[in-house]
Amino acid sequence: MYHLGDVVQMKKPHACGENKWEILRMGADIRIKCLGCGHLIMIPRAEFNKKLKKVLHSANDPVNLKEEHYVPKENIAVPHFE
């Protein structure tokens, strides 16, 4: 079963090529965020259940707290305007 904040894998990848999604909102509709490009999608729970392949990381699992889903601030290149 999935919970708020979990990282899930869907049956088909997103257009950007990434297949990891973070669950942001749960209710009758579920809002998920692509961890590749940041695109937000809200789909009905029934459709989400059909398209869900597996839960990759549980949000409240202490082992997975170290994994970074985004680029750290130190790795972002700063443009130099001259």
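Just so it is clear, none of the values below were taken in a lab; they were calculated from the coordinates. Source: prediction; values computed, not measured. So basically every Cβ, Gly included, is an ideal-geometry build from the backbone, and we count neighbours across all protein chains shown.
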Legend entry - Protection proxy ranking of 21-29, 36-44 - average other beta-carbon atoms within 10 Å, highest first: 21-29, 36-44
Inset, instruction - Please find the FRET efficiency linking Leu24 to Val78, where r is the Cβ-Cβ separation and R0 is fixed at 30 Å, and quote it to the nearest 0.05. - result: 0.55
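Let me have the relative contact order for region 7-60, percent, based on Cα pairs under 8 Å that are six or more residues apart. Walk me through the numbers before you get to the answer.
Values: 95 pairs, mean separation 20.6, N = 54.
Relative CO of region 7-60 lands at 38 percent.
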Inset, instruction - Take every Cα-Cα distance within region 7-60, group them into 10 Å bins from 0 onward, and report for each bin the whole-number percent of pairs it holds. - result: 26, 63, 11
Legend entry - Within region 1-35: backbone nitrogen closer than 11 Å to the Asn60 label point (7 Å, Cα to C-beta): 3-4
